[in-house]
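This report refers to the structure that appears directly beneath it.
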Amino acid sequence: MAKNDSIEFTDPYEMLTIIDDDILEGTLKLHPWQGEILRDYGKPSSANKPYKAAVRAANGSGKDQFVIAPCALWTCMTSANAVAIVTTASGNQLDRQTDKYIRQLMTSVNKLFGTQVWKMNYRHYTNLVNNSTIELFVTDEPGRAEGWHPVVQNGELAIFVSEAKSVPDDIFTALARCTGFTKRVDVSSPGPPSGHFYNICTGGNWKQYHVTAFDCPHLSRDYIEEIRESYGETSALYKSMIMAEFGGMDEQVVINHQKLVELDKIDIEHVEEEKNTAGLDLSAGGDEQVLVVRNGNKTLAVEAFNFRDTVALVDHLEFLFRKYKLEESVIYGDAGGLGKPILDQLRVNWEIKYVLNQAKPYNGLAYLNRGAELWFSVAKLIEYGDIIVPRETKLRKQLASRYFLVTPQNKLQLESKKQARSKGHVSPDRADAFVLAFADYRGRKPKRLGVKKPKKHQHKQMVLNRPRVTFGRNTVFGKRTNTWLEDEIQQLQGVSRRLN
């Protein structure tokens with residue numbers, strides 16, 4: 001039924017129940033949250049009192065299919081000379097998701113009415129009945145987001161932003177210059193706690209919709225459990241993909257120190273392998289060069305050294321390779337930067353496998369590159385108690401001080417070496433070699449041989465060298481058995497001397 005060259009549907013929900021074949025046939029049922037958003041969108045609004053909504057939803061919830069596409073189409077079906085613009089940061093997202101579902105609905109409309117209601121061009125659609133248009137574009141330039149206004153007085157202008165967490169703030173600044181809009185809907189899975197989308201989700205001026213994976217029956221519990229087991233309930237990925245929550249800190253450590261402490265409380269079975277495996281980190285600029293050798297889930301050696309002469313370095317490495325019987329073993333080497341020429345020489349006689357940290361990860365959904373993927377895989381081995389980590393102080397400090405960031409696309413990215421140095425973080429050469437050594441580890445689950453009993457506390461005699469001034473000038477006599485504690489005491493004494 002038409003009125004003023006427009007078709008009357010009460011709201012996008014009613015429209016879908018009429019034009020969507022799957023819903024008509026009963027093979028698809030809208031979830032309660034989808035119905036709520038679609039009905040709310042259909043309520044009257046104006047340029048003076050626009051409808052503004054932030055839809056914070058889990059991955060795979062159907063944001064483009066059941067929010068953006070039907071709402072944009074309904075606006076331009078029920079109002080003459082209306083304009084709906086849809087934008088996002090990714091061309092693939094726009095074409096494979098948003099555009100795909102808009103075209104499906106338009107095709108259904110043309111079929112239902114037996115005439116060409118919608119003329120469909122690439123990212124540009126015209127309603128031939130009422131002269132309304134839908135425009136899609138990628139937010140690669142702020143200028144493209146400016147200048148959108150109703151084409152007639154008191155006309156409808158709807159603005160949609162898909163995956164808003166990935167859209168730069170300057171684009172939102174440009175969209176703010178689009179005056180006269182009557183509807184505005186920003187949808188996204190959450191990312192880091194910053195930027196425009198975070199601000200509108202935590203402010204009080206936009207209507208809020210929070211949709212978790214548990215609100216979506218089409219997302220199986222097996223899928224949810226797989227994400228939980230793979231990344232942990234506290235991970236940024238689980239929070240965003242499943243719980244639709246913003247990440248806690250945007251900078252965190254990959255391996256929590258407490259996980260290493262907990263590892264020391266249990267005896268883990270050595271799952272032996274026929275051959276040893278090694279990881280080799282070749283740094284420059286005065287940092288350590290490190291070879292880590294393992295057999296199965298047990299680390300056999302952490303060899304750290306520093307050679308500035310390449311010939312001497314290669315000779316020393318070949319000596320170590322023979323020492324640890326690596327003649328038929330795989331040696332994983334960091335092939336980035338200055339390391340590759342040395343690996344090229346070694347590869348003549350040894351089975352060297354190049355590892356590029358910037359290479360494409362196997363799991364592109366979760367990780368920005370292969371380096372981050374390797375670090376997080378080792379973090380899981382430690383968390384699950386699958387490997388034996390040596391009590392080597394520098395190695396453990398480096399393992400527990402590798403920082404990561406969550407990109408706006410919710411991918412996990414390691415802090416760069418340059419960033420680490422600028423913040424005073426140590427160069428993780430030993431930890432990098434350790435991660436390389438376990439790059440291909442797929443051993444069976446080791447047995448727990450028992451829980452280690454804590455050693456009985458032995459009181460140590462504390463004697464003052466001089467009259468009490470500060471703790472830092474006290475000396476503890478007696479054998480120190482905890483190298484971690486020894487380092488902490490030395491640091492405290494150093495601070496005390498500087499203060500006094």
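Readers should treat all values here as calculations from the given coordinates under stated rules, not as data from a laboratory. Just so we're clear, the structure is a prediction, and the values are computed from it rather than from any experiment. Virtual Cβ from ideal backbone geometry, glycine too; neighbours counted across all protein chains shown.
Extent of the range 343-418 along its three principal axes (Cα atoms, max minus min coordinate, largest first): 43, 32, 28 Å. Comparing 138, 393, 410 along the charge dipole axis of the chain, the residue lying farthest to the positive side is 393, per the Cβ-charge model. Note on residue 287/residue 409: beta-carbon distance plugged into 1/(1 + (r/R0)^6) with R0 of 22 Å gives a FRET efficiency of 0.10. Restricting the range 257-293 to trypsin sites (Lys or Arg not before Pro) that sit in a DSSP loop and have at most 14 other Cβ atoms within 10 Å of their own Cβ leaves 265, 275. Taking a sphere under 10 Å around the Cβ of residue 13 and counting the other residues whose Cβ falls inside, with K and R at +1 and D and E at -1, yields a net charge of -3.
For the chain, the relative contact order is 13 percent, taking Cα pairs closer than 8 Å that sit 6 or more residues apart in sequence and dividing their mean separation by the residue count.
The stretch between residue 380 and residue 363, if pulled fully straight at 0.36 nm per residue, gains 4.6 nm over its current Cα-Cα span. Remark: the chain carries a charge dipole of roughly 2340 debye about the Cα centre, counting +1 on each Lys and Arg Cβ and -1 on each Asp and Glu Cβ. For the range 52-128, the equivalent ellipsoid derived from the Cα gyration tensor has semi-axes of 22, 14, 12 Å, listed largest first. Among DSSP beta bridges lying fully in the chain, give the percent that are antiparallel, nearest 5. Counting DSSP beta bridges with both partners in the chain, the antiparallel share is about 45 percent. The calculated pair-distance distribution of the range 12-242 uses every alpha carbon pair, bins of 5 angstrom beginning at 0, and gives 1, 7, 14, 18, 20, 18, 11, 7, 3, 1, 0 percent. Counted by Cβ distance under 13 Å from residue 323, the other residues give a net charge of -2, where Lys and Arg count +1 and Asp and Glu count -1. Distance between Cα centroids, the range 14-69 to the range 313-361: provide it in whole Å. The range 14-69 and the range 313-361 have Cα centres separated by 56 Å. Relative contact order of the range 12-242, taken over Cα pairs closer than 8 Å and 6 or more residues apart, is 28 percent. Farthest toward the positive end of the dipole of the range 12-242, out of 190, 58, 71, is the Cα of 71, where the dipole comes from beta carbon charges about the Cα centre. Net charge dipole, the range 12-242: roughly 580 debye, given to the nearest 20, about the Cα centre with Cβ charges of +1 for Lys and Arg and -1 for Asp and Glu. Charge tally for residue 275 (other residues, Cβ to Cβ under 11 Å; Lys, Arg +1; Asp, Glu -1): -4. In terms of other Cβ atoms within 10 Å, 115, 75 run from fewest to most in the order 115, 75. Assuming charge only on the beta carbon of Lys and Arg (+1) and of Asp and Glu (-1), the dipole of the range 310-428 about its Cα centre is about 500 debye to the nearest 20. Taking the range 12-242 as the region of interest, the number of lysine pairs whose Cα atoms are within less than 19 Å, with members eight or more places apart or on different chains, is 21.
At an R0 of 51 angstrom, the distance between the Cβ atoms of residue 309 and residue 257 translates into a FRET efficiency of 0.90. So what's the back-of-envelope 222 nm ellipticity for the chain, counting only DSSP H runs of four-plus at -39500 (n - 2.57) apiece and dividing by all residues, rounded to 500? Roughly -9500 deg cm²/dmol at 222 nm, from the helical runs in the chain. The modelled label-to-label distance between residue 347 and residue 121, using points 7 Å beyond Cα along the C-beta direction, is 5.1 nm. Taking 0.36 nm per residue of sequence separation and removing the Cα-Cα distance, the residue 135/residue 18 pair yields an extension gain of 39.7 nm. With semi-axes defined as the square roots of five times the eigenvalues of the C-alpha gyration tensor, the equivalent ellipsoid of the chain measures 58, 26, 22 Å, largest first. Of the cross-linked pairs 340/360; 325/423; 265/353; 259/417; 360/380, those separated by over 29 Å at the C-alpha level are 325/423; 265/353. Binning the C-alpha pair distances of the range 242-333 at 5 Å intervals from 0 yields a P(r) profile of 3, 10, 17, 15, 14, 13, 12, 9, 4, 2, 1 %, listed from the shortest bin outward.
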